[in-house]
Amino acid sequence: MSGPITCGYVIFQGLLLLSQRALQEARAMRREYGDVLAQLAERERSLRQAQQGQRDARLERIAAVRGEADRQFARFERLRGLADTLGIPAVPRALPAAPSGDDDAAWSSHLRALEDAVRELERLLTQAGSAFGDKLRTALAATSAAPTIDDALSAYVLQRQMKPGLAAEHAERFRQTAARILSRLPLAEGVPLPAELDTLAKAIVLAPTIERADMLATQLRQAVQRHGEAHAAQQDDTAAARRLLDEMPEDAPAPLLRALEQVAAGVARLDPALRDAAQAALDEAAADREGREQAAAAFVLQESLRDLGYEVEDIEATLFADGGTVHFRRDGWDNYFVRLRLDSDERTVNFNVVRAQADAESEERRRQDVLAEDRWCAEFPKLMQTLAARGLQFDVQRRLEAGAVPVQVVDPASVPRIAPKDEGGDVRAPKARRIADT
């Protein structure tokens, strides 16, 4: 047995909005709600998968183009260093600056320029090959697009051997020193040695004295530590950017999405300004989403009551935003209604049976009141189950026994007038009223 019931409520945003759409389409198309819901859910899954696939492809393309540009630039620098060692004239001293933005066409053009410069250097070095024979051919082989650390250091050893005035006996010692320090570097396969580290490693191998090599080794250790810290921070930024992209609304500003994709692809950092812009977009989306959720909750509540056979007044879309009361009943309940009172600040819903007629109090009337409360108690779990399946969960916080408090008698004018089946004609259902109005 049960009298007044008080529940807290929780809105499950994704399911609730999907249920709202399914109910609307089912009504409009005169189809079964369950069939429409399943169709919409599958459509949503397919759309999310397609969008995720497209985003993953964009991130992969960004990372691939930037990675290849880094590899070609590193290759150009190694070839230019080799050309300087050989004293080859007419070697380009610099390359066009990398694009400052995220335009795909600009980066593709920059990559082509790098590849052209690399081919030109290779041509010049090949022409000089006859003067240095096997050493030059070996050095050129070590300047491949994606050399390992050992390949790069071996190439610098060969450069040392071809450069006059450097003691050949120190070459292997200096190479081992640089290799030992660089072994601590978190470097993925195919990723070129960062320019700063490559420059220091080369300087160590080509150092004129042991003292100079030791000093450069100290600088290389510090640079490796800085790079490790930056690498860890970049990974954190990449993960954060991916999370932000997953949470962004579909209508988020395109420049913001592109900037986040650069970070998610691992080619840019998540600086404070970008993080703040992303959070502002999420906050704005959250406010808009809350309004849509509240309207959806009111609609789902209304249609669920009707699906369960209750006659219910139209529910205002602002019920879950502003609070209010709703009355509903079944045909044949005489003058009894269930009054739903929602407090949006406390996020609670109170249900209690009310009687819209001030009959004289008697034992029979009290018995009828208790029976009305028992009847509602038996039906309430089905309502909870239906709403939970549609994204609106009620958790009972307080329940009184039937008859624990008298059924409240209300003015018949304060509840909706529902026409009996034999009365005929259309009856306008009153709108839900604010709490303050009751």
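The values are calculated or read from the model by the stated rules, or taken from the named source; none is laboratory data. Being a predicted model, the structure only gives us computed values, none of them experimental. No Cβ is skipped: glycine too gets one built from the backbone with ideal geometry, and neighbour counts run over all protein chains shown. Please note that ligands, DNA and RNA were not included when accessible areas were found on the heavy atoms of the full protein model with its side chains. Shrake-Rupley method; radii C 1.70, N 1.55, O 1.52, S 1.80 Å.
For this structure, a couple of remarks:
- Candidates ARG398, ARG330, filtered to the one that is open to solvent by less than 70 Å² (accessible area, probe 1.4 Å) and of a type outside the set (A, V, I, L, M, F, W, C): ARG330
- Listed conditions (1) more than 15 Å from the chain's Cα centre (by Cα); (2) open to solvent by 50 Å² or more (accessible area, probe 1.4 Å); (3) more than 29 Å from GLU68 (Cα to Cα) are all met by GLN302, apart from (2).
- Among residues of segment 68-88 that are free of Cβ contacts under 8 Å to residues at least 12 places away in the same chain, those with a beta-carbon under 8 Å from a residue that is assigned to a loop (DSSP other than H, G, I, E, B) at least six positions away or on a different chain give the pairs ASP84/VAL91.
- Pick from segment 157-184, criterion open to solvent by less than 20 Å² (accessible area, probe 1.4 Å) and free of Cβ contacts under 8 Å to residues at least 60 places away in the same chain, ranking: farthest from ALA64 (Cα to Cα): ALA171
- Taken as a whole, the condition of being touching a strand residue (DSSP E or B) at 6+ places or on another chain (Cβ under 8 Å) and open to solvent by less than 60 Å² (accessible area, probe 1.4 Å) applies to TRP376.
- TYR9 meets the conditions (1) in contact with a Phe, Trp or Tyr (Cβ under 7 Å, 6 or more places away or on another chain); (2) within 30 Å of LEU197 (Cα to Cα); (3) aromatic (Phe, Trp, Tyr) in every case but one. The failed one is (2).
- Restricting GLU32, GLU25 to residues that are more than 26 Å from the chain's Cα centre (by Cα) and loosely packed, with under 12 Cβ neighbours inside 10 Å narrows the list to GLU32.
- Condition check for ARG43: at pLDDT 85 or above, of a type outside the set (A, V, I, L, M), closer than 30 Å to ALA296 by Cα and open to solvent by 40 Å² or more (accessible area, probe 1.4 Å): yes
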